[in-house]
Amino acid sequence: MPVKNRFAELQDEITLWRRDLHEHPEILFETHRTAQVVAEKLKEFGCDEIVTGIGRTGVVGVIKGRETGSGKVIGLRADMDALPILEATGLDYASKTPGAMHACGHDGHTAMLLGAAKYLSETRNFDGTVVVIFQPAEEGGGGGREMCEDGMMERWNIQEVYGMHNWPGHAVGEFAIRPGAFFAATDQFDIVFEGRGGHAAKPHETVDSTVMASQAVLALQTIASRNADPVDQIVVSVTSFETSSNAYNVIPQSVHLKGTVRTMSAEMRSLAEERIQAICDGIAATFGGTADVTYHKGYPVMVNSEEQTEFAADVAKSVSGQCEEAPLVMGGEDFAFMLEERPGAYILVGNGDTAMVHHPEYNFNDEAIPAGCSWWAEIAEQRMPIG
Ligand SMILES: [Zn+2]
Ligand SMILES: [Zn+2]
């Protein structure tokens with residue numbers, strides 16, 4: 001079974017929606033116009049219920065099937081937010097807001113889920129209820145978490161959730177997925193080494209914070225190389241080294257390190273947190289200073305449920321005739337919070353040979369629309385078949 005004919009017919013219209021969203025990118029929770037466009041379209045399609053303001057600027061639409069006796073409720077989720085990047089695509093529908101850009105393809109995700117919502121509202125060829133979920137602030141703001149905290153899953157009795165992301169470098173419209181841990185937990189840390197500043201020509205009268213921080217930058221690498229089991233994935237990167245003085249002749253009183261930790265399991269995540277603290281305390285004690293470590297937990301590991309992943313892969317095969325095993329991704333994904341609350345699966349759809357997501361020349365590939373929309377629609381129809 002190839003892509004649905006209806007989406008081949010709707011592709012031009014959905015492309016126009018996508019390009020309109022592309023021209024008007026909004027960052028984090030500021031997705032006011034986008035949410036308004038989404039809500040208006042859902043209303044036009046004849047959704048049974050539309051609620052805005054879930055998770056601040058999130059939108060939820062409810063589409064009841066021709067039958068609902070199965071009692072099944074499936075959530076289909078897209079993200080709506082853009083990135084703080086100056087667009088360099090030169091497209092005639094490029095961002096009209098300098099410094100904001102749909103560089104992760106969330107314009108495409110929103111347009112594709114709208115396309116599926118239009119089709120599902122027209123046909124209602126399923127026994128159960130579809131809840132379409134449009135979330136803000138995927139790019140670091142935790143919009144998915146806020147929608148969950150607003151009680152979305154309970155309010156609509158959502159039983160399973162599905163998500164999709166475009167993927168540059170994969171053939172257009174081809175799918176890839178993996179069961180279990182898929183996207184990494186993304187944490188951040190701040191470390192302040194406090195010593196005793198002083199004259200650079202009298203180091204013996206100081207406690208040199210730059211020496212402590214430098215030792216720490218190297219020692220933190222041993223969490224991955226010496227503490228973690230080599231078969232487990234972990235990244236510890238120090239990304240900022242800021243001294244309290246930048247003079248040539250002053251030993252700074254303190255150094256502020258910043259960085260990120262990426263892990264694929266709760267065990268690795270705890271290991272990183274514990275070891276960062278122990279290493280920094282040890283270094284501070286060795287050199288006579290102090291270390292103040294703050295570990296900020298970001299998105300958890302995104303884990304695909306076994307059964308739903310198998311189903312999602314079968315649906316992908318029915319749409320495009322293939323579904324590869326996806327590699328692990330050390331980036332984070334806010335959909336992790338929804339998958340913590342409900343079983344479900346997250347799939348990648350090929351964007352063709354384009355710039356990578358988050359690059360100023362990236363653009364969502366409109367040729368992926370029929371495959372993406374078909375996957376959404378088939379998830380609903382095959383998971384909640386009539387009769
Ligand atoms: Zn992104
Ligand atoms: Zn994204």
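The values are calculated or read from the model by the stated rules, or taken from the named source; none is laboratory data. Owing to the predicted nature of the structure, the values given are computational and were not obtained by experimental measurement. Heads up, the Cβs are rebuilt from the backbone with ideal geometry, glycines too, and the neighbour counts pull from every protein chain shown.
Checking every residue in the stretch 61-73 against the condition of being modelled with pLDDT of 95 or more, among the aliphatic types (A, V, I, L, M) and assigned to a helix (DSSP H, G or I) gives zero matches.
Taking residues in the stretch 313-329 that are over 9 Å from ALA176 (Cβ atoms), and partners anywhere that are exposed (fewer than 13 other Cβ atoms within 10 Å of the Cβ), the pairs with Cβ atoms closer than 6 Å and at least 6 places apart or on different chains are SER318/MET1. In this entry, ASP366 passes the filter for residues that are of a type outside the set (A, V, I, L, M, F, W, C), in contact with a Lys or Arg (Cβ under 7 Å, 6 or more places away or on another chain) and in contact (Cβ under 8 Å) with a residue 40 or more places away in the chain. All of GLU273, GLU242 fail the test of being assigned to a strand (DSSP E or B) and at negative phi, apart from GLU242.
From the list ALA117, ALA39, ALA35, ALA94, the one residue that fits, being of a type in the set (Gly, Ala, Ser) and in contact with an Asp or Glu (Cβ under 6 Å, 6 or more places away or on another chain), is ALA94. Of the strands (runs of 3 or more DSSP E) lying entirely inside the stretch 128-195, those carrying at least 3 residues that are over 14 Å from the mean Cα position of the chain (by Cα) and more than 26 Å from LYS118 (Cα to Cα) are 185-194.
When GLY90, GLY99, GLY55, GLY71 are screened for being out of contact with any Ser or Thr (no Cβ under 6 Å at 6 or more places or on another chain) and surrounded by 20 or more Cβ atoms within 10 Å (Cβ to Cβ), only GLY55 passes.
What single numbered condition from (1) closer than 19 Å to HIS102 by Cβ; (2) within 16 Å of ligand 1 (Cβ to nearest atom); (3) modelled with pLDDT of 95 or more fails to hold for GLY142? So the condition that GLY142 fails would be (1). Is it the case that ALA116 is among the small types (Gly, Ala, Ser), surrounded by 22 or more Cβ atoms within 10 Å (Cβ to Cβ) and assigned to a loop (DSSP other than H, G, I, E, B)? No, not satisfied.
Do the conditions hold for ILE251, that is, is it more than 16 Å from PHE189 (Cα to Cα), buried (at least 20 other Cβ atoms within 10 Å of the Cβ) and among the aliphatic types (A, V, I, L, M)? In short, yes.
Determine whether GLU13 is within 29 Å of TYR362 (Cβ to Cβ) and either assigned to a strand (DSSP E or B) or within 16 Å of ligand 2 (Cβ to nearest atom) (or both). The answer is no for GLU13.
Do you know which of the residues in the stretch 82-103 that are within 11 Å of ligand 2 (Cβ to nearest atom) and touching a His at 6+ places or on another chain (Cβ under 6 Å) is farthest from VAL130 (Cα to Cα)? Top of the filtered list is ALA103. Select from the stretch 16-31 the residues that are hydrophobic (A, V, I, L, M, F, W, C) and assigned to a helix (DSSP H, G or I) and write down the one among them that is surrounded by the fewest Cβ atoms within 10 Å (Cβ to Cβ). Step by step, filter the stretch 16-31, then rank; the result is LEU16.
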